[in-house]
Amino acid sequence: MSRRLKLPNVGTTIFTTMSRLATEKGAVNLGQGFPDFEPPAELLERVAHHLRARHNQYAPMAGVPALLEQIGSKLARFHGITVEPQAEVTVTAGGTEALFCAIQAVTHPGDEVVLLEPCFDSYAPAVELAGGRSVRVPLTPPGFCIDFDRLAAALTPRSRLLVVNTPHNPSGSLVTSEDWQRLSVLLERTDTLLLSDEVYEHLVYDGRRHASALAIPALRARAFVVFSFGKVFNATGWKVGYCVAPPELSEAFRRVHQFVTFSVSTPVQHGIADYLGLHPEFFAELAAFYQARRDRFVELLQGSGFTARPSEGTYFQLADYSALSEAPDVDFCLELIETHGVAAIPVSHFCEQPPDCRLLRFCFAKSDHTLELAAARLRP
Ligand SMILES: Cc1ncc(COP(=O)(O)O)c(C=O)c1O
């Protein structure tokens, strides 16, 4: 009997596999992207307060009004844009749910969705579940910038959606304001919508600033833009994110969201809303904190045989191991866990057509102690 089950080619994600192996082998886990640090104490206190204050039943489908308002203020503060939070912001179970709902909301069977690869591993399965077809356009190493000629060639009348991620996982590269302008021109005469994954918006280094698709009106009019509180509050396990889209697109988004999760943890939403009201400056301090972690990690890698171009954003650092081995990156990663006791993620995992390079992704959102331990194990 043919069971015709969905996603036949999808196994357990590499993040789960590497984290499991890291635990089994007692390896330092710089693979999966989660921080070693706790959320701010006052945020924990606010969430605990709302648990006790009996805010424990379903939240409104689009989000707790106080949180929607705070997100509106945050968008005005950081991106200089005015939104109507009730109509244009939807709180989701992390960035992952937002990405999924946006893709389901607009992709019909046979539609093409253009992905810039390497890319986060949830995009393509979501496209497949919608009956769409992923069209991959490579980002070119070592800078992993957008190749506009290749992108233009990939866009056809069947292109329903273009997915962009900035700051970019795994490379840490950034889409600049000029890139967005060029994308805007490219999409101008098309019906292609934009899904912009900006979950690492506050982790941008060396004095650069995050450029959001929301800043360009022509793009904003056709975009779902996805953010995550998990990434910025050291609370990846809470799974709270949000999607910003014009009213018509938000309505379509919510038609899916209401049947995926319906709504998101009520006490956590209230707690985050309180904290955002009390500490609007919180995000401004994040980049310096993570930049220091990146600098420490890059410094610690010296003498290990790995070479690294400092990441421009995210909490990931790519490292080139071609001086150490000619093995494919998956094999080298497994070897690294076995022989050095350090877990990383192979870049080929983010690609259908892996680029011709030998790169591993390390997560540096870890304490000095963890980074030093990893580096000591990596050095010969
Ligand atoms: C590029 C990118 N998008 C989305 C997500 C998912 O975010 P969340 O943990 O809020 O679901 C991640 C998480 O690693 C990510 O790296």
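The values are calculated or read from the model by the stated rules, or taken from the named source; none is laboratory data. None of the values given here were measured: they were computed from a predicted structure. Note that each Cβ is placed from the backbone with ideal geometry, even for glycine, and that neighbours are counted across all protein chains shown.
Residue-by-condition table, conditions (1) out of contact with any helix residue (DSSP H, G or I) (no Cβ under 6 Å at 6 or more places or on another chain); (2) not assigned by TED's automatic domain parsing to the domain that holds Ala153:
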| residue | (1), (2) |
| --- | --- |
| Glu24 | yes, yes |
| Arg46 | no, no |
| Glu112 | yes, no |
| Glu128 | yes, no |
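Which ones in the range 41-57 are in a helix (DSSP H, G or I) and of a type in the set (Lys, Arg)?
If we filter the range 41-57 for residues that are in a helix (DSSP H, G or I), which is where we start, we get 41-52.
Arg46, Arg52, listed by residue number.
Per the conditions (1) free of Cβ contacts under 8 Å to residues at least 12 places away in the same chain; (2) in contact with a strand residue (DSSP E or B) (Cβ under 8 Å, 6 or more places away or on another chain), the sole criterion not satisfied by Pro167 is (1).
Can you confirm whether the range 41-64 contains a residue that is over 19 Å from Thr236 (Cα atoms) and buried (at least 23 other Cβ atoms within 10 Å of the Cβ)? The answer is yes, given that some residue of the range 41-64 is over 19 Å from Thr236 (Cα atoms) and buried (at least 23 other Cβ atoms within 10 Å of the Cβ).
I'd like to know if the range 109-124 contains one or more residues that are part of a helix (DSSP H, G or I), within 15 Å of the ligand (Cβ to nearest atom) and either under 15 Å from the mean Cα position of the chain (by Cα) or of a type in the set (A, V, I, L, M) (or both). Yes: the range 109-124 contains one or more residues that are part of a helix (DSSP H, G or I), within 15 Å of the ligand (Cβ to nearest atom) and either under 15 Å from the mean Cα position of the chain (by Cα) or of a type in the set (A, V, I, L, M) (or both).
The helices (runs of 4 or more DSSP H) found entirely in the range 191-279 that carry 3 or more residues being aliphatic (A, V, I, L, M) and either away from the ligand (no atom under 12 Å from the Cβ) or touching a helix residue (DSSP H, G or I) at 6+ places or on another chain (Cβ under 7 Å) (or both) are 247-260, 266-278. Take Ala98 and decide whether it is under 24 Å from Val175 (Cα atoms) and buried (at least 24 other Cβ atoms within 10 Å of the Cβ). Judged against the criteria, Ala98 is a match. Candidates are the residues of the range 259-313 that are among the charged types (D, E, K, R) and closer than 30 Å to Ala48 by Cβ; the one that is surrounded by the most Cβ atoms within 10 Å (Cβ to Cβ) is Arg293.
When you look at Ala124, is it small (Gly, Ala, Ser), over 23 Å from His202 (Cα atoms) and surrounded by fewer than 17 Cβ atoms within 10 Å (Cβ to Cβ), yes or no? Break it down into steps so the answer makes sense when it comes.
Values: small (Gly, Ala, Ser): yes; over 23 Å from His202 (Cα atoms): yes; surrounded by fewer than 17 Cβ atoms within 10 Å (Cβ to Cβ): no.
No.
Going through (1) within 14 Å of the chain's Cα centre (by Cα); (2) in a helix (DSSP H, G or I) one by one, Pro170 falls short only on (2). Considering (1) surrounded by fewer than 17 Cβ atoms within 10 Å (Cβ to Cβ); (2) touching a Ser or Thr at 6+ places or on another chain (Cβ under 8 Å), the lone condition that Phe144 does not fulfil carries the number (1). Within the range 81-100, being at pLDDT 95 or above, hydrophobic (A, V, I, L, M, F, W, C) and away from the ligand (no atom under 12 Å from the Cβ) holds for Val83, Ala87, Val89.
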